[in-house]
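The values are calculated or read from the model by the stated rules, or taken from the named source; none is laboratory data. Fair warning: this is a prediction, and the values are worked out from it, not measured in the lab. Backbone-built Cβ (ideal geometry, glycine too); neighbour counts: all protein chains shown. Areas reflect the complete protein model, heavy atoms only, side chains present, ligands, DNA and RNA absent. Shrake-Rupley method; radii C 1.70, N 1.55, O 1.52, S 1.80 Å.
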Amino acid sequence: MDMKIEVIENVFKYNRINAESNRELFGKHHVLALNILSSPGAGKTSLIIETIKHLGKSVNIGVIEGDVSSTYDAQKIKKYINQVVQINTGGTCHLNATMVGRALEKLDTGNMDLIIIENVGNLICPVGFDLGEDYRIVLSSVNEGDDKPVKYPPVFIKCNPVLLNKMDLIGISDFDLGFFIKEVRKINPSAELLKFSCKTGEGVEKWIEWVLKQVKNKKGK
Ligand code: MG
Ligand code: ZN
């Protein structure tokens, strides 16, 4: 076999093994794990902060922050909760299951109800790396334009729910909501689609309801 192909296959095999052990850990403690994918600037960190503001009193939340460098986002979240771990990938443009496994050792996973993983801002390769999560979620935003499902279909096919942030900008941009929804439906007909604005708070309650429902489902298992 071509050496290069073998190396790539081993990377994915190794990831699958580590994703399984993360999944076992989440299952053992009945903690819901969400892996959030988006382009840079779509509002992943803002969404996490909104989630903590709404649910932080009743749900024990831990956050794993993935970034190429800096602790900027982790610092923002630390203002609201203690259980935050920053992963600096040192240039790698996605999180893998090994990095998340190491981060989980630093969290009080046994006492968590919900772990939110903020992936590195990138719509391409994070799709190829299972982290052991319960849900892989894509967060799109109005300012990015309505063509993301057309240009980056794999992320929309493999994620559920599909989220659309920055709805407050809808009237002042060329974003065609009908087109966006139609394109998402074409490639992922069963995905839940939630629209909101983290800035104004409009629609965020639908997301909060969704998260709470999944947390309860996981607890019941
Ligand atoms: Mg962020
Ligand atoms: Zn990558």
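Between Ile77, Ile52, Ile61, the distinction of being closer than 27 Å to Asn15 by Cα and under 16 Å from the mean Cα position of the chain (by Cα) belongs to Ile61 only. Here the condition is being of a type in the set (A, V, I, L, M) and open to solvent by 30 Å² or more (accessible area, probe 1.4 Å); of Val7, Val59, it holds for Val7 alone. Comparison of Thr98, Thr89, Thr51 shows that the only residue that is open to solvent by less than 80 Å² (accessible area, probe 1.4 Å), touching a residue at least 60 places away in the same chain (Cβ under 8 Å) and within 14 Å of ligand 1 (Cβ to nearest atom) is Thr51. When we screen Leu47, Leu32, Leu25, Leu55 for residues that are at pLDDT 95 or above, under 27 Å from Lys151 (Cβ atoms), in contact with a helix residue (DSSP H, G or I) (Cβ under 8 Å, 6 or more places away or on another chain) and not small (Gly, Ala, Ser), the only hit is Leu47. Just to be sure before I move on: is Ala103 within 16 Å of ligand 1 (Cβ to nearest atom) and modelled with pLDDT of 95 or more in the structure I sent? Criteria met by Ala103.
How many of the residues in the stretch 125-147 are away from ligand 2 (no atom under 16 Å from the Cβ), more than 13 Å from Met167 (Cβ to Cβ) and assigned to a loop (DSSP other than H, G, I, E, B)? Number of matching residues: 5. Taken over the stretch 62-86, residues that are open to solvent by less than 50 Å² (accessible area, probe 1.4 Å), more than 14 Å from ligand 2 (Cβ to nearest atom) and small (Gly, Ala, Ser) amount to 2.
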